1. If the chain were replaced by its equivalent ellipsoid, with semi-axes equal to the square roots of 5 times the Cα gyration tensor eigenvalues, what would those be, largest first, whole Å?
2. With a 10 Å radius around each residue's Cβ, average the other Cβ atoms per peptide and rank 217-227, 21-31, highest first.
3. Extending each Cα 7 Å along its Cβ direction at Val262 and Ser201, get the distance between those two points in nm, one decimal.
4. Which percentage, to the nearest 5, of the DSSP beta bridges contained in the chain is antiparallel?
5. Among Gln53, Gln81, Gln202, whose mean-square fluctuation peaks in a Gaussian network model of the chain (Cα, cutoff 10 Å)?
6. Could you tell me which residue out of Ala227, Ser201, Tyr24 lies farthest along the dipole of the chain toward its positive end? Charges go on the beta carbon: Lys and Arg +1, Asp and Glu -1, centred on the Cα centre.
7. Between Arg131 and Arg36, what length comes free when the chain is fully extended (0.36 nm per residue of separation minus the Cα-Cα distance, one decimal in nm)?
8. Going highest first, how would you order 89-96, 162-169 by mean Cβ packing within 10 Å?
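Throughout, read-outs are computed from the coordinates displayed, never taken from laboratory work. Since the structure is predicted, the reported quantities are computational estimates derived from the model, not experimental observations. Note: ideal-geometry Cβ built from the backbone for every residue, glycine included; neighbour counts use all protein chains shown.
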Amino acid sequence: MLREKVVWITGASSGIGEALALAYAEVGARLILSARRGEVLEEVKRRCGRSEQDVMILPLDLEKAEEMPSKVEQALGRFGQVDLLINNGGISQRALIKDTSLAVDRRIMEINYFGTIALTKALLPSMIARRCGHIAMVTSLVGKFGTPLRSSYAASKHALHGFCDALRAETWQDGIAVTVICPGYIKTAVSVNALVGDGSSQGTMDQAQANGMPAEVCAQKILRALAKKKEEVYIGGREVMGVYLKRFVPALFSRILRKTKVT
């Protein structure tokens, strides 16, 4: 079913994105791999084991939303279509609200929200014209509830959830599927690269992240969810229960969250 389908993955240089690239290569998909670091993408491409014509390296910086139309033009120029866009790129945060500069808040929103929807909006007309396509957003469980140290990160992911709900309602008649993927603690470098209050990187691995689900396991769960065209999926360990506690017993969840170690 996926053989020869064109799958575009952002944030493909490491973590979940890299694991998704390898998983989709294994089932025969043609790939567009995007992230800021083209040289690292070349190594991911090599590990995919596909032919040169089946994998395109397309570096992009989500902080430069104005460049997304040209990136889409390049992708369509190479393959003619994109069957599945997986918006996986982004940046996290580890800082208290009182210690976070507004510049950091803005940067997180530019990368996680504006850059992501700019790419989606640039690609959408080609999917509508074909009356076929699938758009996936890798958000986070904190797209469903906020936790300490992640105020702007949570806000950016909440924003993507609202965008996807509207996108799904607007494009279902055009044959477009929209899936929101909410990972919890996955063993990646996301906490190492997370921004602290002054805009620098945290530089250390959170214990919860280090003990999280392997990225390869997460990728396989994402593949299965996307194959079924699920609207929303939660991936992780016990932290997934937060979604249901927030929904059904919000006051209790709020009290639990105050005492929970979130790093």
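1. Values: eigenvalues 169, 78, 67 Å².
Value: 29, 20, 18 Å, ordered largest first.
2. Details: 217-227: 18.1, 21-31: 20.5.
Going by the mean number of other Cβ atoms within 10 Å, highest first, we get 21-31, 217-227.
3. 2.3
4. Roughly 5 percent of the beta bridges in the chain run antiparallel, per DSSP.
5. Of Gln53, Gln81, Gln202, the most mobile in the Gaussian network model is Gln53.
6. Checking the options against the dipole of the chain, the answer is Ala227.
7. Working: separation 95, 0.36 × 95 = 34.20 nm, distance 3.04 nm.
Net length gain for the segment: 31.2 nm.
8. Working: 89-96: 22.4, 162-169: 15.4.
In descending order of packing, they fall as 89-96, 162-169.
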